[in-house]
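Below is one structure, written out as structure tokens; the observations come after it.
The values are calculated or read from the model by the stated rules, or taken from the named source; none is laboratory data. Computed from a predicted structure; not experimentally measured. Heads up, the Cβs are rebuilt from the backbone with ideal geometry, glycines too, and the neighbour counts pull from every protein chain shown.
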Amino acid sequence: MDRQPAKLLDKARYRIRLKGYSIRTEQSYVSWIRRFILFHDKRHPEDMGRDEIEAYLTHLAVSRHVAPSTQNQAFNALLFLYRNVLEIDFPDNINAYRSKRPVRLPTVLTKADTMKTISMMTGFHQIMVKILYGSGLRAIECIRLRVKDLDFDMNQIIVRNGKGKIDRVTIFPDNIKDNLRTSAKICVLNYVYRICKGSAVSHRIGRTYPGHPPEVKGLYQTKVFA
């Protein structure tokens, strides 16, 4: 059994990885925990409780004017810290001032406006936007696309490890097939960290090839967009 790290933030990373959370969640939680500690003059969280948590969350809403989702993210990071890292009870009924979402009417582009915007783009950027628009992919999912995720015969794109670590199948826009066939044919060997460092790389691969890794053809993936 692995020895648990002694430092608090390293221990938090260790526990997050045991839970199988994504690298982005790990980075977010560790960042919020660090900010919480710095906000209270580097006091250890074990010596803090409800008052300090409420003060920090209220500070985010009142002084930093963060969005409700951002405040919730900070709350979840602290909840994880106390329950899973420090293994102590998290205070009930936190009465921090809550961020409020402004009520605004959404701005929706017409189909003509969308087509005009796409026509002003060129190269890979235009193809990627067409995929986002035609297939409903999230930006990070488009960046992570691999050649083997493109099924030209079944007219579908396989989205792997999407939001919530769920795989799914989506439609393949007809007007980009030729572009993607060309991209797939000329797709050369890529570095694992080429586009989004750490986002599509497991912790095991990261340990094997730290920093800027060597070429690893076939070991993990070949991306469509280099």
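Couple of notes before you dig in:
- In the range 14-33, the residues that are closer than 13 Å to Asn161 by Cβ never reach a residue that is of a type in the set (Phe, Trp, Tyr) and surrounded by 18 or more Cβ atoms within 10 Å (Cβ to Cβ) with C-beta atoms less than 7 angstrom apart, at least six apart or across chains.
- Given (1) under 23 Å from the mean Cα position of the chain (by Cα); (2) in a helix (DSSP H, G or I), index of the condition Asp51 fails: (1)
- Selection status of Phe80, part of a helix (DSSP H, G or I) and under 25 Å from Arg34 (Cβ atoms): yes
- Checking each residue of the range 55-65 against the condition of being under 22 Å from the mean Cα position of the chain (by Cα) and either within 14 Å of Ala96 (Cβ to Cβ) or exposed (fewer than 14 other Cβ atoms within 10 Å of the Cβ) (or both) gives at least one match.
- Pair list, Cβ < 8 Å and 6+ apart or interchain, from the range 114-139 residues that are not assigned by the TED database to the domain that holds Thr170 to residues that are at pLDDT 90 or above: none
- Counted residues, the range 112-162 - those being at pLDDT below 85, β-branched (Val, Ile, Thr) and within 17 Å of the chain's Cα centre (by Cα): 2
- In the range 57-79 there is at least one residue matching the filter, namely being touching a residue at least 40 places away in the same chain (Cβ under 8 Å), farther than 30 Å from Arg160 by Cβ and not assigned by the TED database to the domain that holds Ile131.
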